[in-house]
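The values are calculated or read from the model by the stated rules, or taken from the named source; none is laboratory data. In this text, all values refer to a predicted model and were calculated from it rather than measured experimentally. No Cβ is skipped: glycine too gets one built from the backbone with ideal geometry, and neighbour counts run over all protein chains shown. Protein only, heavy atoms only, side chains kept; ligands, DNA and RNA dropped before computing areas. Shrake-Rupley method; radii C 1.70, N 1.55, O 1.52, S 1.80 Å.
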Amino acid sequence: MVTVLDRNIRPEVEVVTPPVARGEFVVPRPGTGAAAKKFGVLPMPKLEWNAEVERETAHLYEKVKAVIPPVEWPFHAPYVHAINKLKKQRNAVLLAHNYQTPEIYNCVADFVGDSLQLAKEAAKSKADIIIQGGVHFMAETSKLLNPNKTVLIPDLRAGCSLAQSITGEDVRLLRERYPGVPVVTYVNTSADVKAESDICCTSSNAVQVVESFGTDRVICIPDEFLARWVATQTKVKIIAWKGHCEVHERFTGEELRRYREADPTVQILAHPECPPDVIAEADFTGSTSGILNYVKTKKPKRVVMVTECSMADNVQAEAPNTEFIRPCNLCPHMKRITLPKILDSLVYLREEVEIDPAVAAKARRAVERMIHLKS
Ligand code: SF4
């Protein structure tokens with residue numbers, strides 16, 4: 001166990017090192033095929049670039065032309081066309097996280113946003129089927145909030161370094177070590193971990209959730225950097241876990257200082273999953289939705305987006321007058337989701353996301369407790 005003080009030597013952040021080195025993401029077992037039995041498998045549509053496809057996808061290309069060159073569109077458009085038709089036929093909705101590629105985010109998604117926004121939007125829809133454009137923990141969150149809908153993820157191997165940094169058993173050990181201390185868990189975790197937690201949080205409400213208990217100490221897991229950032233915003237003592245997002249941990253304060261030196265007017269926007277020296281350089285620190293709102297409302301002339309690459313592409317499509325500098329890192333897990341795999345999901349209804357009902361009931365309680373928290 002390491003005890004560290006934050007840069008202002010204010011609240012103490014105690015970082016717990018995982019007892020065992022975490023391995024590769026364990027690919028979850030595929031579902032039972034119940035969805036294919038219930039709704040039936042469809043024939044694979046023809047995928048041709050022709051006049052009809054060009055005409056019917058022209059309005060969608062308008063949305064992405066700043067980030068997808070014309071020469072690439074004939075490769076995407078037949079998939080976009082087929083997916084949008086099949087979604088209607090299947091009564092399905094596609095949820096796309098902000099880190100999905102522009103052709104998914106702008107051209108086939110029904111709802112876009114962060115993982116929690118997506119799951120909540122899907123719950124309001126009358127769709128029978130949810131396709132998750134995102135990683136596995138997001139699909140689990142969608143299943144938790146939509147237990148009677150079929151939830152599909154186009155690639156079961158879409159994991160997450162943060163989610164795989166901790167298990168339900170680790171949380172039970174933490175509770176033994178810190179009896180009575182409430183456990184706040186970031187939504188970027190498996191259903192098993194959520195099930196062992198008192199409440200979930202997102203990067204936008206983490207401070208409010210931590211303070212909601214009125215205790216002097218809170219366990220805030222698994223993202224060490226998010227926990228450290230929370231500790232700078234509250235007097236509550238934070239006990240953190242040494243889990244990191246492999247995308248955001250690679251940024252450094254030094255590279256951001258170089259951008260600032262080159263242009264002192266540039267605005268630096270960072271996600272709280274970034275290390276503390278990166279956040280110290282940022283003009284704004286917030287969730288993906290917070291960053292998007294900042295760009296839309298403040299309309300900065302030039303920004304450095306310190307987050308996943310596709311996020312900058314997607315914000316660029318919505319804020320064409322802002323110039324984006326992108327010291328971006330790709331999330332390899334998010335990029336496992338592609339148009340061809342989404343089409344396969346719709347045709348063959350795979351891969352189904354299933355959660356043990358006993359685990360789901362406890363995990364849902366932690367998520368709903370956060371949703372119903374009064375602001
Ligand atoms: S960007 Fe980071 S937190 Fe998000 S899915 Fe990828 S590894 Fe996980």
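Counting only DSSP beta bridges whose two residues both lie in the chain, roughly 10 percent are antiparallel.
Taking a straight Cα-Cα cut-off under 25 Å and skipping sequence neighbours fewer than 8 places away in the same chain, the lysines within cross-link reach of K298 are K63, K65. Taking the inverse of the mean 1/r over every pair of distinct Cα atoms in segment 250-330 gives a Kirkwood hydrodynamic radius of 12.3 Å. Treating cross-link reach as a plain straight distance, find the lysines whose alpha-carbon is under 19 Å from the alpha-carbon of K38, omitting any fewer than eight places away in the same chain. In chain and number order, the partners are K87, K88, K126, K143, K149.
When both segment 101-142 and segment 54-80 are represented by their alpha-carbon centers, they are found 21 Å apart. A simple spin-label model places the labels of N91 and V41 2.3 nm from each other, with each point 7 Å out along Cα-to-Cβ. Annotation: peptides 295-302, 244-251, ranked by per-residue average of other Cβ atoms within 10 Å with the highest first, follow the order 244-251, 295-302.
Taking amide hydrogens as placed 1.01 Å from N in the peptide plane, the amide H of T307 sits under 5 Å from those of N329, each at least 5 positions away in sequence or on another chain. Dividing the summed helix terms, -39500 (n - 2.57) for each DSSP H run of n ≥ 4, by the number of residues in the chain produces a 222 nm estimate of -12000 deg cm²/dmol to the nearest 500. Heavy-atom accessible surface of segment 250-330, averaged per residue, reaches 43 Å², computed with a 1.4 Å probe.
The relative contact order of the chain, computed from alpha carbon pairs under 8 Å that lie at least 6 residues apart in sequence, is 22 percent. Expressed as a whole percent, the accessible surface of segment 250-330 that belongs to carbon and sulfur atoms is 48, based on a 1.4 Å probe.
When cysteine pairs in the chain are screened for C-beta atoms closer than 4.7 angstrom, the residues that find no partner are C107, C160, C200, C201, C220, C245, C274, C331.
Cross-link reach is defined here as a Cα-Cα straight distance under 19 Å, omitting same-chain residues fewer than 8 places apart; for K242 the lysines meeting it are K194. Shape analysis of the chain yields a ratio of the Cα radius of gyration to the Kirkwood radius, Rg/Rh, of 0.98.
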